[in-house]
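Contents: one structure, followed by commentary.
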Amino acid sequence: MLTLSAVAAEAPRPQPKSGIEYAGGDVRALQADDFGNPGMLWVARGEKLWSAPAGRSGKSCAGCHRDAPTTMKGVATRYPRRDVGGGELLNLEGRINQCREQRQGADVLRYESEELLALTAYVAHQSRGMPVNVEINDANRVNFERGRDTYYRRQGQMNLACTHCHEQNAGRKLLADTISEGHGNAYPVYRLEWQSAGSLHRRLRACFFGVRAEQPAAGSAELVDLELYLASRARGLQVETPGVRR
Amino acid sequence: MLFAAMAGHAVAATPALVPYRIEGDAIPASLAPDPGDPLRGRELISGRDGNCLLCHAVAETGVRFMGDIAPPLSGVGARLSEGQLRLRIVDSSRLNPETVMPSYYKVDGLVRVAPAWRGKPVLTAQQIEDVIVYLKTLK
């Protein structure tokens, strides 16, 4: 797989296309309508949580960050991101939990909990319409490379890598699903099949399950590295949170 | 040519698997003692176990949603012999190392297989024979 990933890393890729462009008309209409888009419920919950005091500090997110539409604008376009002073690579969920733990003195929120989905959706929503713009630099290059290796590694009983579906067969049908390029720019999304909002890691775990591979835990370093690699592929696509998917 | 290099090549038996012999681009001998059952084969290709319709269309099944990653299998029974079908289902990667088609009768060389499937081929030897007999009816 090494040679394949080396070649693919250098070959120029055409402008990426968002998952929503591969979706059916009904799903597209639902995502485009802020009153009909069920994902907006999570954004609204996030807005409430933003000003709710939590933890030993008794502070709310707003207590430090003030007005999210101003202070959180563009933040999601730069994630996953590594702290300036080092530390681990964090996606938005990880960063929010870091503030919970270290700044609010509160418990970390469970991955896929309503609260974490709501806060993540609310923060990411403040970047809606702005282009994904992660930077690959010396601080995160190892993460990027690990993510890329995962992307091109065949795995599971079906022995397939991400590239086989999302790069080689985008636009084709896998049973009833139109395969997209596998970008994360709309997450968290409301998925009709889940009847709920869900994180990017939940979706990624579904893809691991689909090829009958071991599923890394949501929030695990392996999935955050993969998320960084996906974000680098999605550079230039607009953040669409909250997306809608079937 | 890849096929020629593989002529007469015997595949070592993994404990769980029946050994088989590749000749040219085919596995001529059946993997199972009993003949295949085309009705079971038809169920397998559209059901969760085989799931061939994820990627292939087979008009004869009348199933509503089918994939188009791979060539339609209609008429495949006229194009390919039983032995040729057997190798393509058992281990397509022997004909095309870059293939997207999973190997349905192989357990080694796979990474990070989920515990529920580890050490097991996707289909049993008997199920492969069932699928072959069904595909041979597609003419």
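The values are calculated or read from the model by the stated rules, or taken from the named source; none is laboratory data. Every value quoted in this text rests on a predicted model; they were computed, and no experiment measured them. Positions of Cβ are generated from backbone atoms using ideal geometry, with glycine treated the same way; all protein chains shown enter the neighbour counts.
One residue alone among A:GLU88, A:GLU93, A:GLU112 is outside any strand (DSSP E or B), surrounded by fewer than 21 Cβ atoms within 10 Å (Cβ to Cβ) and of a type in the set (D, E, K, R), and that residue is A:GLU112.
Residues checked against (1) in the same structural domain as A:THR77 (by TED's automatic domain parsing); (2) under 30 Å from B:PRO71 (Cα atoms); (3) out of contact with any Pro (no Cβ under 8 Å at 6 or more places or on another chain); (4) in a helix (DSSP H, G or I):
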site: A:ASP138; (1), (2), (3), (4): no, no, yes, no
site: A:VAL142; (1), (2), (3), (4): no, no, yes, yes
site: A:GLY147; (1), (2), (3), (4): no, no, yes, yes
site: A:ARG203; (1), (2), (3), (4): no, yes, yes, yes
site: A:ALA217; (1), (2), (3), (4): no, no, yes, no
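Residue-level check: of (1) of a type outside the set (Asp, Glu); (2) within 14 Å of the chain's Cα centre (by Cα); (3) within 12 Å of chain A (Cβ to nearest Cβ); (4) surrounded by fewer than 17 Cβ atoms within 10 Å (Cβ to Cβ), B:PRO97 misses just (2). Scanning region A:199-217 for residues that are within 22 Å of A:ARG82 (Cα to Cα) and surrounded by fewer than 18 Cβ atoms within 10 Å (Cβ to Cβ) yields a count of 1. Give the residues of region B:13-55 that are of a type in the set (Lys, Arg) and within 14 Å of chain A (Cβ to nearest Cβ), sorted by residue number. Across region B:13-55, the qualifying residue is only B:ARG48. Picking from residues in region B:23-62 that are charged (D, E, K, R) and within 16 Å of B:ASP130 (Cβ to Cβ), the one that is surrounded by the fewest Cβ atoms within 10 Å (Cβ to Cβ) is B:ARG48. Taking the condition of a type in the set (A, V, I, L, M) and touching a Pro at 6+ places or on another chain (Cβ under 9 Å), does B:VAL100 pass? No; evaluated as a whole, the condition is false for this residue.
Return the residues of region B:52-94 that are aliphatic (A, V, I, L, M), over 23 Å from A:ALA176 (Cα atoms) and more than 13 Å from the chain's Cα centre (by Cα); say none if nothing qualifies.
The answer is B:ALA78, and nothing else.
Does B:ALA125 count as more than 14 Å from the chain's Cα centre (by Cα), modelled with pLDDT of 95 or more and more than 14 Å from chain A (Cβ to nearest Cβ)?
So B:ALA125 fails the test.
Within region A:170-182, the residues that satisfy the criterion of being of a type outside the set (Asp, Glu), under 14 Å from A:GLY19 (Cβ atoms) and part of a loop (DSSP other than H, G, I, E, B) are A:ALA170, A:GLY171, A:ILE179, A:SER180, A:GLY182. Against the definition (within 14 Å of chain B (Cβ to nearest Cβ), over 25 Å from B:SER92 (Cα atoms) and under 13 Å from the mean Cα position of the chain (by Cα)), how does A:ARG233 come out, yes or no? For A:ARG233, the condition - within 14 Å of chain B (Cβ to nearest Cβ), over 25 Å from B:SER92 (Cα atoms) and under 13 Å from the mean Cα position of the chain (by Cα) - is not met. Among the residues of region B:56-70, which ones are away from chain A (no Cβ under 12 Å), out of contact with any helix residue (DSSP H, G or I) (no Cβ under 8 Å at 6 or more places or on another chain) and touching a residue at least 12 places away in the same chain (Cβ under 8 Å)? Matches in region B:56-70: B:ALA59, B:GLU60. Among the numbered conditions (1) touching a residue at least 40 places away in the same chain (Cβ under 8 Å); (2) more than 11 Å from chain B (Cβ to nearest Cβ); (3) farther than 21 Å from A:GLU21 by Cα, the only one that A:GLU145 does not meet is (1). B:LYS139 fulfils the conditions (1) basic (Lys, Arg); (2) under 25 Å from A:LYS173 (Cα atoms); (3) within 13 Å of the chain's Cα centre (by Cα) except for a single criterion, (3). The residues of region A:16-37 that are surrounded by 11 or more Cβ atoms within 10 Å (Cβ to Cβ) and of a type in the set (Phe, Trp, Tyr) amount to a single one, A:TYR22. Of all residues in region A:186-194, at least one satisfies being buried (at least 18 other Cβ atoms within 10 Å of the Cβ), in contact with an Asp or Glu (Cβ under 6 Å, 6 or more places away or on another chain) and part of a loop (DSSP other than H, G, I, E, B).
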